[in-house]
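Visitor: Starting off with a structure, shown below.
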Amino acid sequence: YHQATGLFDQRIYSDVDVDFRQLIRSLHPKVMLGLPVVEGTNHASCFPRAVIGSEATCYSRLWSEVFAADIFASQFGDGHPNLYMGLQFRDKVLDQGGGNKAMELLTSFLGREPSTQAYIES
């Protein structure tokens, strides 16, 4: 669903004349595999009012949850506080602030590209 709303937002904010219902019909099968469009509904009108105008914040929050789940599962997942890994996270990610790209910092800390698996499993 989040992927569909992200693609939807990209199109409505970058195209001049958008047919909202047609756009939903074209995006739905690409992201909602196997689930039919429910006739008589308008997904474009169902986005929560609390995030209208703050769509980028909504999506970045979701990605922060994905990355946090990956960090926790891969580095702290044994359930025990780990001072060494905590300091590594502070030094490799937090101390860098905006000095480097976030994905580079995260990849450096994890020693690999981030994964969505831990988020999906949680």
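The values are calculated or read from the model by the stated rules, or taken from the named source; none is laboratory data. The structure presented is a predicted model; accordingly, all values stated were derived computationally and were not measured. Cβ atoms come from the backbone with ideal geometry, glycine included; neighbour counts cover every protein chain shown. Side chains included, ligands, DNA and RNA excluded: accessible areas come from the protein's heavy atoms. Shrake-Rupley method; radii C 1.70, N 1.55, O 1.52, S 1.80 Å.
Visitor: Run down E65, E39 and say which single residue is farther than 25 Å from I120 by Cβ, at pLDDT 70 or above and either surrounded by 15 or more Cβ atoms within 10 Å (Cβ to Cβ) or among the acidic types (D, E) (or both).
Guide: Step by step, each of E65, E39 is checked, and only E39 is farther than 25 Å from I120 by Cβ, at pLDDT 70 or above and either surrounded by 15 or more Cβ atoms within 10 Å (Cβ to Cβ) or among the acidic types (D, E) (or both).
Visitor: Within the range 94-120, take every residue that is part of a helix (DSSP H, G or I) and touching a residue at least 40 places away in the same chain (Cβ under 8 Å) and give me the one that is farthest from the chain's Cα centre (by Cα).
Guide: L110
Visitor: Which residue out of G86, G34, G79, G53 is at pLDDT 65 or above and over 26 Å from E113 (Cβ atoms)?
Guide: On the way: G86 fails: over 26 Å from E113 (Cβ atoms); G79 fails: over 26 Å from E113 (Cβ atoms); G53 fails: at pLDDT 65 or above.
Selected residue: G34, the only one of G86, G34, G79, G53 that is at pLDDT 65 or above and over 26 Å from E113 (Cβ atoms).
Visitor: Here's something else I'd like to know. So, in the range 88-121, how many residues would count as being of a type in the set (G, A, S) and exposed (fewer than 12 other Cβ atoms within 10 Å of the Cβ)?
Guide: Count: 4.
Visitor: While we're here: Between a residue in the range 73-93 that is more than 18 Å from S122 (Cβ to Cβ) and any residue that is open to solvent by 50 Å² or more (accessible area, probe 1.4 Å), which pairs come within a Cβ distance under 7 Å, given they are 6 or more apart or on different chains?
Guide: Listed pairs, sorted by first residue: K92/S108.
Visitor: Given the structure, is Q22 open to solvent by 60 Å² or more (accessible area, probe 1.4 Å), modelled with pLDDT of 75 or more and within 30 Å of F109 (Cβ to Cβ)?
Guide: No, not satisfied.
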